[in-house]
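Below: the structure, in structure tokens.
The values are calculated or read from the model by the stated rules, or taken from the named source; none is laboratory data. As the structure is a computational prediction, the values presented were derived from the model and not from experiment. Neighbour counts run over all protein chains shown; Cβ positions are idealised from the backbone, glycine included.
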Amino acid sequence: MKRKIKDIELAFLTIDDYQELKQAMIIAYQTIPNPYWEESEIQSLLNKFSEGQIVIKVNGHIAGCALSIIIDHEKFEEQHTYKKVTGNYTFNTHTKNGDTLYGIDVFIKPEFRGLRLGRRLYDYRKELCEKLNLKGIEFGGRIPNYHKYQEELSPKEYIEKVKSKKISDPVLNFQLSNDFYPVRVLKGYLDGDAQSNEYAVLLKWDNIYYEKPSKRAKDIKKIVRLGLVQWQMRPYKNINELMQQAEYFVDTLSAYKSDFALFPEFFNAPLMAQYNQLSEADAIRKLAEYTEPIIQEFSKLSIAYNINIITGSMPELVGDTLYNAGYLCRRNGSVERYEKLHMTPDEVKAWGMTGGNKIQTYDTDCGKIGILICYDVEFPEVCRLLSDEGMDILFVPFLTDTQNGYSRVRYCAQARAIENECYVAIAGSVGNLPKVHNMDIQYAQSMVFTPCDFAFPTTGIKSEATPNTEMILISDVDLDLLRELHSFGSVKNLKDRRLDLYELKKR
């Protein structure tokens, strides 16, 4: 290109641009009969949806253009023609109540190709789609090199070879590189398109930020504030003293507008001190008697302080079977139980605990969450099952006595954040309980982990508490960043799984 570029501008198309637009389309579509729109048609398009019509200008002159309408996807079969989707070129198919942005036209003049100007037009369409809260973008993409292979390849075979880089198609290659994916072949799509043999590829781009219209007063939050309690083990005379301390933390986190309060595993262990004369197995069963009243108090606190509380975990007797369980107390008043699935050798030997059987996610007003207790996070299969259910945040209450035990929990939790493209919050207890058997010392550093990509901290650590110090940790996480990561991340751990070779499922 000989022309020197001094200025590139993305602008809305106006009717004053028509004559220049016409000439640009004639140059861009030299192989297509009647390659330009009439002035009355452009005026109609501008009247109906001016925001969807843009041009890119170089040095003040049109270098490319993108035209679009909004359609109701359900009113068009997947197999349609250009004439049908445009309402016989009248654009009467456009509706402001539609759910899909449909690309009518996009081109770059030959002299400006190779500068990636077309990407700017596509990026504008994507931003418009997000702004208008549409499900996505669709259009029929030409395959101009197909005429060279039509004797030996079907359109489907041709598309597959383009996708695998065995054949080059300048239009389809460009669209695939801009995150569009092929849905089906459209036969007889554009009259007179001899290069494509009148075939086109229905291409789609999904708006990951689309929100289905809701009649609820409040939708799911996208910026979620996590509150982690790094709990100090200290003697308590009774349950009232314990819950006073718990309420102090809930009150503080609520004052900072936290959406969740996460307590550690066995945070109520100090109440076992009065049963130290008993065997370890009998003492933990006496502690289990406090679980029900503690849950009732936490549920009241979650409502009173408008915060979702994850109660860590406590021993709980169901019949004569002892579990390590906790509760999600939502601020709307509902309560759900979760169980520790994998018992450590010490929990089995000293206390005779039994592992639970429930693997599930939980819906909240801040997205879908998972909860795994301590040792459970060291088993990647469980977290992957939760991820397959759409988990955004994994909460891990834990209790570790030594630093090497903590390191197992910490590094496994961080791996789960990367593998499953989610946030992981871990909270533990610190301090000593010299009068409680099997609970003498604790080591913890509570943390919030993220995936490792450009939108997140390079270390994968969003925030961290001071080791072995009683404190709270507050951290904001953006759920929309996860949606973006799932589709546009540098790597795609979830999408790139070889499900043709292996699969994971619940029994």
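Numerical summary
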| read-out | value |
| --- | --- |
| Some residue of segment 328-349 being of a type in the set (K, R), over 23 Å from K505 (Cα atoms), over 26 Å from the mean Cα position of the chain (by Cα) and in the same structural domain as D440 (by TED's automatic domain parsing) | yes |
| Candidate set from segment 389-404 (those that are closer than 22 Å to D478 by Cβ and of a type outside the set (G, A, S)); member that is surrounded by the fewest Cβ atoms within 10 Å (Cβ to Cβ) | E389 |
| Residue satisfying condition, being without any contact (Cβ under 8 Å) to a residue 60 or more places away in the chain and in a loop (DSSP other than H, G, I, E, B), within set Y236, Y210 | Y236 |
| Near pairs, Cβ below 8 angstrom, 6+ apart or cross-chain, from segment 80-106 (within 14 Å of E51 (Cα to Cα)) to any residue that is charged (D, E, K, R) | H94/K48; T95/D72; L101/R125; L101/E138; Y102/E138; G103/R125; G103/E138 |
| So S302, is it part of a helix (DSSP H, G or I) and touching a Cys at 6+ places or on another chain (Cβ under 7 Å) | yes |
| Contacts under 6 angstrom Cβ, first residue in segment 144-168 being under 13 Å from E198 (Cα atoms), partner assigned to a helix (DSSP H, G or I), 6 or more apart | P144/V171; Y146/Y158 |
| Subset of segment 106-117 (residues that are at pLDDT 90 or above and not basic (K, R)) | V106, F107, I108, P110, E111, F112, L117 |
| I137 without any contact (Cβ under 8 Å) to a residue 60 or more places away in the chain, β-branched (V, I, T) and touching a helix residue (DSSP H, G or I) at 6+ places or on another chain (Cβ under 8 Å) | no |
| Residue match in segment 107-120 (condition: in contact with a His (Cβ under 7 Å, 6 or more places away or on another chain) and part of a loop (DSSP other than H, G, I, E, B)) | no |
| Enumeration of residues in segment 246-268 that are within 13 Å of S446 (Cβ to Cβ) and among the acidic types (D, E) | E265 |
| Of all residues in segment 102-126 being touching a Leu at 6+ places or on another chain (Cβ under 8 Å) and charged (D, E, K, R), the one that is surrounded by the most Cβ atoms within 10 Å (Cβ to Cβ) | R125 |
| Of residues in segment 191-227 being basic (K, R) and within 21 Å of D476 (Cα to Cα), the one modelled with the lowest pLDDT | K218 |
| Close pairs from segment 6-18: first in contact (Cβ under 8 Å) with a residue 24 or more places away in the chain, partner basic (K, R) and surrounded by 14 or more Cβ atoms within 10 Å (Cβ to Cβ), Cβ under 7 Å, at least 6 apart | E9/K57; L10/R120; A11/K57 |
| Residue selected from segment 279-302 under the condition surrounded by fewer than 20 Cβ atoms within 10 Å (Cβ to Cβ) and in contact with a His (Cβ under 9 Å, 6 or more places away or on another chain), by the criterion nearest to A261 (Cα to Cα) | E280 |
| Only one of D179, D193 that is in the same structural domain as L117 (by TED's automatic domain parsing), farther than 21 Å from R120 by Cα and touching a residue at least 12 places away in the same chain (Cβ under 8 Å) | D193 |
| Residues satisfying the stated conditions in segment 127-147, i.e. at pLDDT 90 or above and either of a type in the set (D, E, K, R) or surrounded by fewer than 17 Cβ atoms within 10 Å (Cβ to Cβ) (or both) | E127, E130, K131, L132, N133, K135, E138 |
| Selected residue (only one of K6, K83, K96 is of a type in the set (D, E, K, R) and in a helix (DSSP H, G or I)) | K83 |
| So L46, is it surrounded by 13 or more Cβ atoms within 10 Å (Cβ to Cβ) and assigned to a helix (DSSP H, G or I) | yes |
| Residue ID - surrounded by the most Cβ atoms within 10 Å (Cβ to Cβ), chosen from residues in segment 303-339 that are charged (D, E, K, R), modelled with pLDDT of 95 or more and more than 24 Å from P270 (Cβ to Cβ) | R330 |
| Considering residues of segment 481-493 that are under 16 Å from L394 (Cα atoms) and not basic (K, R) only, the residue surrounded by the fewest Cβ atoms within 10 Å (Cβ to Cβ) | L481 |
| Among residues of segment 260-290, those that are among the acidic types (D, E) and closer than 29 Å to V424 by Cα, counted | 1 |
